[in-house]
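Coordinate-derived values only; no laboratory data. Note that the structure is a prediction, hence the values are computed from the model and not measured. Cβ sites come from the backbone with ideal geometry, for glycine too, and all protein chains shown count toward neighbours.
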Amino acid sequence: MKAGSSQAKQDQNRDPIHRSAYGMEEAATSLGISRTAIYLLRKEGKLQVVRIGRRTLVPVGEVDALMARLQGLEPWVA
């Protein structure tokens, strides 16, 4: 067994980092929509974002809420 392979096994056994927010492109990917669509949802007020410095982030809960609204589980509130 190589020395590097034991490190790889340790990395696989670690818990993944809990993310509180996605970048705009990551949010689009997680929703299965285009970058243009995610920016349009933001512009229309259907997706709330957080600005931290120059980064625009989408809270994970906001992605979940958007999916719930699209599935008809929650009313649209803009």
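Let me know the shape class of the range 20-78, please: from the alpha-carbon gyration tensor, a ≥ b ≥ c as square roots of the eigenvalues, rounded when a/c is under 1.5, otherwise prolate if a/b is greater than b/c, or oblate. Note, shape of the range 20-78 comes out prolate. Taking Cβ atoms as reference points and 12 Å as the exclusive limit, the residues near residue 25 contribute a net charge of +1, counting Lys and Arg as +1 and Asp and Glu as -1.
Taking θ as phi - 60° and the Karplus parameters 6.51, -1.76 and 1.60, the scalar couplings of the range 20-26 work out to 9, 8, 10, x, 4, 5, 5 Hz in sequence order, x denoting glycine and proline.
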